[in-house]
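Derivation of every value follows stated rules applied to the coordinates shown; laboratory data play no part. These numbers were taken from a predicted model, which means no experiment stands behind them. Methodologically, a virtual Cβ is constructed for each residue, glycine included, from the backbone with ideal geometry; neighbour enumeration extends over all protein chains shown.
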4 protein chains.
Amino acid sequence: MSEQKIYKWFLDALSPHEAHAHGIDNMVYSKQTRYQRLEIIDTASYGRCLVLDGKMQSSEVDEFIYHEALVHPALLTHPNPKKVFIVGGGEGATLREILYHTSVTKVLMVDIDEEVVSLCKDHLPQWSKGAFDDPRTELAHLDARRYLEETNETYDIIIIDISEPVEEGPAYLLYTREFYSLVMERLTPDGIISLQAGTTSANNLLNFTAVLKTLRQVFPIVLGYHASIPSFGLPWGFALASKRYDPRELTIKEVDHRIAQRISAELKYYDGEIHQGQFVLPKMVRQAMDKQERVIEDNAPLFTYN
Amino acid sequence: MSEQKIYKWFLDALSPHEAHAHGIDNMVYSKQTRYQRLEIIDTASYGRCLVLDGKMQSSEVDEFIYHEALVHPALLTHPNPKKVFIVGGGEGATLREILYHTSVTKVLMVDIDEEVVSLCKDHLPQWSKGAFDDPRTELAHLDARRYLEETNETYDIIIIDISEPVEEGPAYLLYTREFYSLVMERLTPDGIISLQAGTTSANNLLNFTAVLKTLRQVFPIVLGYHASIPSFGLPWGFALASKRYDPRELTIKEVDHRIAQRISAELKYYDGEIHQGQFVLPKMVRQAMDKQERVIEDNAPLFTYN
Amino acid sequence: MSEQKIYKWFLDALSPHEAHAHGIDNMVYSKQTRYQRLEIIDTASYGRCLVLDGKMQSSEVDEFIYHEALVHPALLTHPNPKKVFIVGGGEGATLREILYHTSVTKVLMVDIDEEVVSLCKDHLPQWSKGAFDDPRTELAHLDARRYLEETNETYDIIIIDISEPVEEGPAYLLYTREFYSLVMERLTPDGIISLQAGTTSANNLLNFTAVLKTLRQVFPIVLGYHASIPSFGLPWGFALASKRYDPRELTIKEVDHRIAQRISAELKYYDGEIHQGQFVLPKMVRQAMDKQERVIEDNAPLFTYN
Amino acid sequence: MSEQKIYKWFLDALSPHEAHAHGIDNMVYSKQTRYQRLEIIDTASYGRCLVLDGKMQSSEVDEFIYHEALVHPALLTHPNPKKVFIVGGGEGATLREILYHTSVTKVLMVDIDEEVVSLCKDHLPQWSKGAFDDPRTELAHLDARRYLEETNETYDIIIIDISEPVEEGPAYLLYTREFYSLVMERLTPDGIISLQAGTTSANNLLNFTAVLKTLRQVFPIVLGYHASIPSFGLPWGFALASKRYDPRELTIKEVDHRIAQRISAELKYYDGEIHQGQFVLPKMVRQAMDKQERVIEDNAPLFTYN
């Protein structure tokens, strides 16, 4: 397929002076939605990729790492997750991983961009694998923050699967102390949340450490963890915040047992070993976390790529 | 420094259709040595960088991750490492980390390219931090394989710090079963080796898994481990092979204790937690390792970027 | 349209160490035909572009320069061109310009790649502007050289509109002394040919000067000329070879008169002034032409990008 | 030299969505002067190049085209040029070409950036070829506009050799009607000026046509002309403005005669034929010139790359 020389490139800007360059085999689809520019690109190294506003979101080859790492720590730590809320989650792969949990009876996914969800359903069916048609799935195209403000419902798990906070985009108000407080209120007493939290690259730790610091203003148990998603071009961080349960208290064996008992699919990335190993962050990352004092607030938001 | 627009770029080709692009602030030095093309570049994201034959070798900002991850697992696992042999190690940073171990009485570094070593000493003094002047250091500019064939000396630790095996380069004969057998013979009974083993990227596991398979033909204890070195653009793998001691048997506490007792510097990346966490590889990497049957031999070498 | 930041780029390699980079707005179409890779790309600077095997062929914004410069010098120099043969000519824009000449009664276009012609007709209708439906047009998808060998027909004008001679492609046998001799035989006594002849860039004159030298082995009147087609990234050369008429003998006024009399459309690039001016080549180009001794032959072909 | 793969690139941005990419062999020198960022780069295609603020200024391979085209039309049109003023001219190559004219008795070059001039003298001696040491040369490092405002001297020829007008740079006030009026006043009655006037690319004619329109507010005879300088990546325009003499009235023969009589060096690009041919602009360029109504003024300046 890619034996010919590559002459079209997708440059994923990681900063104004760093980029990961993907050779393009084929451009599949391109559209300006109401909220963002969506593109589906076949790359030579990572197969089909979803690109929003010029940033790689997920690739056919390694999206499983991102989505398993985002979803399973929270759900496996919870004793019996039934009701799950997804903030964002466009591709439907977060939904897919949640639905593998047989305990789950209802998932509400609230993604403001109906077109992105619909185009992903059509053009990236290998991401959602039918999850949108599962009877447990409910889908709404609203502002997730406003939805949570107005609802009285509570959830066992809330997964925040949104792109990074940029000045032009709407996502930045989903990274603040006020939003996390709202999320906290909408959780059941055993509730747990997880989210992607930006790169853990040694020279670029502001976003990751500030998100964790902000979560700590709200939640009693807050953990950073990381995974390598090669198509992202940089090491990547996640956060888990919990009202009662600490994921590190589960043994490898217990996690593997829960996976066997509760998950209806064969995982490719996640298991008990990774569950333990992922919470081990490099010493300099932990030190940067300890030193970080920045709390992200509605009136003092944080933007990446500035 | 880098507020101006970047218009000179260093493209680190990870494959014919993937690259990591580094904005260049300044070109510091450039030279064709007898063996390779050396360049020292100031990049906007990673500061000063060493580039050999167009491939990023190490950067001011994150070389500590690479060198701590390469050196300390082996030396901390050994009960009392005294004599150490370095295959390659041009920048002198591997030497630096070894010399931090107070037990070490002698380090022999054999790097075939005298010019690279000398230029790194002059232009990258923050890498070697005086290590070349340490009385325990001995430096030779020879073919390391031939040296090991001809010597009768044995070593407690052998660290292999060389670039990747490419068709044109001399390094590929330092990745074969025959070479590892030779290394085994030159170890003391408690001997341990470590080496960098290429990317652990999900779609590019051949090199990493074949190196581990090959080591397993020779050593009773062989472990893969990984670290994220952002300037490399992809997740990175290492291997540790040992005659007697298994690094995973050390508790976090014991590793931290050994660091406190034996290491004269403040480490930035490594500690007991990372010692444990780094051996946890993603499930799909472990599965690829289990399935790999390729043994690298002098007559059946492996080349990257083919 | 292109106010957003560009993150997809088409790199048109002019040599292994020089390229012209076009920001991509949209990928319109992509296909591997039997003979070449065709792509239709919307670029930010040049609008819709046809790309074959990774090389820019023509752009919406400036294809008129290329096609007017290729076609009109020959046809306007001829006293009464009726029958025209096109070697290649995929997009149909060469055909379009020829058909603007009201004297023309028949044009036979022989392009080996039926798919390219058909896809251009569908996706680039602004190039051919209905020319394929003109009753004077005849289209054949054969090897043009073989066709000319087997036919007894003769033509007043032969326009050679093919891509550059590369090692893998079939075009290189359409650049040799043997082929030009065949073309000569298939011309009527007043016959004239023209062709694109590669860049006239100061450091890369081999192709242009060798094509002219080769034509001089066959034709009594041979002229090089040039035009600036910005999307090509380099200055571009053409050649006109003639049995009897010398284009430079036409005054500006006479050319403008012929345009007014014979051409049914408003030209955008060409007129009497350009007709004269285009034959004036820089001194160093003329000197390189004088010194060039290389004759391109079937057994000694010339390839670009080597 | 450049047989190895190129992995460092200089991207000369022609617009936010178009660039010419030059493979870098070697970075020779880099310095932030008081006014601009200077870099000297060895490229694989064009040899040594001068880059100011990220824009290609001139290359070893083809600077002769630019400098011959800038200087000789004005000096050869003048009956007996003695005193010449250069606005800018950093590299010293404009000075070099002027000094080849044996009639010239004095050249005053006023370039505000002393460091650029000095660094070019040291690092690009093949550009100035000793011109700075010619006894006819006078060099001043001042604001050329202010200098012309304050002097009473007049000149036979004024050559404006400055970079393009960008918002941050000081050059934009050297492109206005007010400046050209001042230049007019400082010319002797037979006086002629010439300048580079930006690209003549079909889709980017604003700068070129507005400069010509502005000159026409001041000078009775104003001509645009063009040359292909491959390293610039786009076709390039110049302007000549004159009080009395029209360059087109010189025959090819007369120009060649003047060159033989007056110029002490062998020209590589320029001769009588080019003198005539260069004034022939494509029809669409002439039409755009006719339609242009924009006059550049101090209070209504024009910036490129906006």
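Report, as an integer, the average count of C-beta atoms from other chains found within 10 Å of each Cβ along D:61-71. All intermediate terms of the calculation are to be shown ahead of the outcome.
Values: counts 4, 4, 0, 3, 5, 0, 0, 2, 1, 0, 0.
Mean shielding count: 2.
Averaged over peptide A:34-40, how many Cβ atoms belonging to another chain are found within 10 Å of each residue's Cβ?
Values: counts 0, 0, 0, 2, 0, 4, 0.
Across A:34-40, the average partner-chain Cβ count within 10 Å equals 1.
What's the local net charge at D:ALA260, with K and R +1, D and E -1, over the other residues with C-beta under 15 Å away?
Working: positive: C:LYS283, D:LYS253, D:ARG258, D:ARG262; negative: D:GLU254, D:ASP256, D:GLU266, D:ASP271, D:GLU273.
Computed value for this residue: -1.
If you count the DSSP beta bridges with both ends in the protein assembly as shown, what percent of them are antiparallel, to the nearest 5? Mind showing how you got there, number by number?
Details: 168 of 244 bridges.
Approximately 70 percent, going by the DSSP bridge assignments.
Please express the Cα-Cα pair-distance distribution P(r) of region A:8-143 as a list of whole percents, one per 10 Å bin, running from 0 to the bin with the greatest distance.
12, 40, 33, 13, 2
If we count other beta carbons within 10 Å of each Cβ, what is the order of D:THR188, B:THR200, fewest first? Could you put the intermediate results ahead of the total?
Working: D:THR188 17, B:THR200 28.
With the fewest neighbours first, D:THR188, B:THR200 line up as D:THR188, B:THR200.
Starting from a label point 7 Å past Cα on the Cβ side, list the distances from B:PHE303 to the same position in the other copies, nm, shortest first.
Nearest to farthest, the other copies are at 1.9, 4.8, 5.1 nm.
Cβ under 11 Å from C:LEU250's Cβ, C:LEU250 left aside: what net charge do those residues give with Lys, Arg +1 and Asp, Glu -1?
Numbers: positive: C:ARG248, C:LYS253, C:ARG258; negative: C:ASP246, C:GLU249, C:GLU254, C:ASP256.
Net of charged neighbours comes to -1.
Can you tell me which lysines have their Cα less than 23 Å from the Cα of B:LYS5? Leave out same-chain residues fewer than eight positions away.
Cα-Cα hits under 23 Å: A:LYS8, A:LYS55, C:LYS5, C:LYS8, D:LYS8, D:LYS31, D:LYS55.
Given N residues in region A:109-244, what is its alpha carbon radius of gyration divided by 2.2 N^0.38 Å?
This ratio for region A:109-244 stands at 1.10.
If amide H atoms are built 1.01 Å from N in the plane of the peptide, which residues on other chains or at least 5 residues away come under 5 Å of the amide H of C:ASP25?
C:ASP42, C:THR43, C:ALA44
Quick check: from the Cα gyration tensor, does chain C come out rounded (a/c under 1.5), prolate or oblate? Kindly include the intermediate steps, with their values, before the conclusion.
Details: a/c = 1.34, a/b = 1.22, b/c = 1.10.
Rounded, since a/c falls under 1.5.
In which sequence would B:PHE208, B:PHE10 go, from the one with the fewest C-beta neighbours within 10 Å to the one with the most?
Details: B:PHE208 27, B:PHE10 22.
Lowest to highest Cβ neighbour count: B:PHE10, B:PHE208.
Once you charge only the Cβ atoms, +1 for Lys and Arg and -1 for Asp and Glu, what is the size of the charge dipole of the protein assembly as shown about its Cα centre, to the nearest 20 debye? Present the calculation step by step, with values, prior to reporting the outcome.
On the way: 124 positive and 176 negative charges, 1 e Å.
Once rounded to the nearest 20, the dipole reads 0 debye.
Suppose we flag GluC sites (Glu not before Pro) only when DSSP calls them loop and at most 13 other Cβ atoms lie within 10 Å. Which is the longest uninterrupted stretch of chain A?
Numbers: sites that count: A:GLU3, A:GLU153, A:GLU167, A:GLU168, A:GLU266, A:GLU293.
Free of exposed loop sites, the longest segment is A:4-152.
Smallest Cβ-to-axis distance in chain B, for the rotation taking B to D: which residue, how many Å?
So the closest residue, with its distance, comes out as B:MET27, 2.
With a sphere of radius 14 Å drawn around the Cβ of A:ILE192, what net charge do the other residues whose Cβ falls strictly inside it have (Lys, Arg +1; Asp, Glu -1)?
Working: positive: A:LYS82, A:LYS83, A:ARG186, A:LYS243, A:ARG244, A:ARG248, A:ARG258; negative: A:ASP156, A:ASP190, A:ASP246, A:GLU249.
Around A:ILE192, the surrounding residues sum to +3.
Once you order the gyration tensor axes a ≥ b ≥ c over the Cα atoms, which shape class does region C:9-59 get: rounded for a/c under 1.5, otherwise prolate or oblate by comparing a/b with b/c? Intermediate results must be reported in sequence, preceding the final value.
Details: a/c = 2.15, a/b = 1.09, b/c = 1.97.
Note, shape of region C:9-59 comes out oblate.
Any idea what the D:ASP122 label distances to the other copies are, label 7 Å down the Cα→Cβ vector, nm, shortest first?
With the label placed 7 Å along Cα→Cβ, D:ASP122 yields 1.9, 6.3, 6.3 nm.
So, in Å, what gap is there between the alpha-carbon centers of region D:259-297 and region D:126-142?
26
What ranking of A:VAL116, B:VAL28, C:VAL71, B:VAL61 emerges when the number of other C-beta atoms within 10 Å of each C-beta is taken as an exposure proxy, fewest first? Before the final figure, lay out the partial values.
Working: A:VAL116 23, B:VAL28 16, C:VAL71 27, B:VAL61 20.
With the fewest neighbours first, A:VAL116, B:VAL28, C:VAL71, B:VAL61 line up as B:VAL28, B:VAL61, A:VAL116, C:VAL71.
When we measure straight from the Cα of B:LYS283, which lysines land under 16 angstrom away, once same-chain ones fewer than 8 places off are left out?
Cα-Cα hits under 16 Å: A:LYS253, A:LYS268, B:LYS291.
Only Lys, Arg, Asp and Glu count, each charged at its Cβ (+1, +1, -1, -1), so figure out the dipole size of region C:155-213 about its Cα centre, rounded to 20 debye. All intermediate terms of the calculation are to be shown ahead of the outcome.
Numbers: 3 positive and 8 negative charges, 41 e Å.
Computed charge dipole of region C:155-213: roughly 200 debye.
Show that you can apply the helix-only estimate: for chain B, add -39,500 (n - 2.57) for every DSSP H stretch of four or more residues, divide by all residues, and state [θ] at 222 nm to the nearest 500.
On the way: 10 runs with 89 residues, N = 306.
Dividing the helical sum by the residues of chain B leaves -8000 deg cm²/dmol.
Shortest first and in nm to one decimal, what separations exist between C:THR105 and its copies in the other chains, measuring from label points 7 Å along the Cα-to-beta-carbon line?
Taking the point 7 Å beyond Cα along Cα→Cβ, the inter-copy spacings are 7.1, 8.8, 10.5 nm.
Can you say what percent of the DSSP beta bridges in chain A, counting only those with both residues inside, are antiparallel? Round to 5. Write down the numbers at each step before the final one.
Working: 38 of 57 bridges.
Bridges in chain A that DSSP calls antiparallel: roughly 65 percent.
Give the Rg/Rh ratio for the protein assembly as shown, taking Rg as the radius of gyration of the Cα atoms and Rh as the Kirkwood radius, to two decimals. Please list the in-between numbers first.
Numbers: Rg = 34.5 Å, Rh = 33.9 Å.
My calculation puts Rg/Rh at 1.02.
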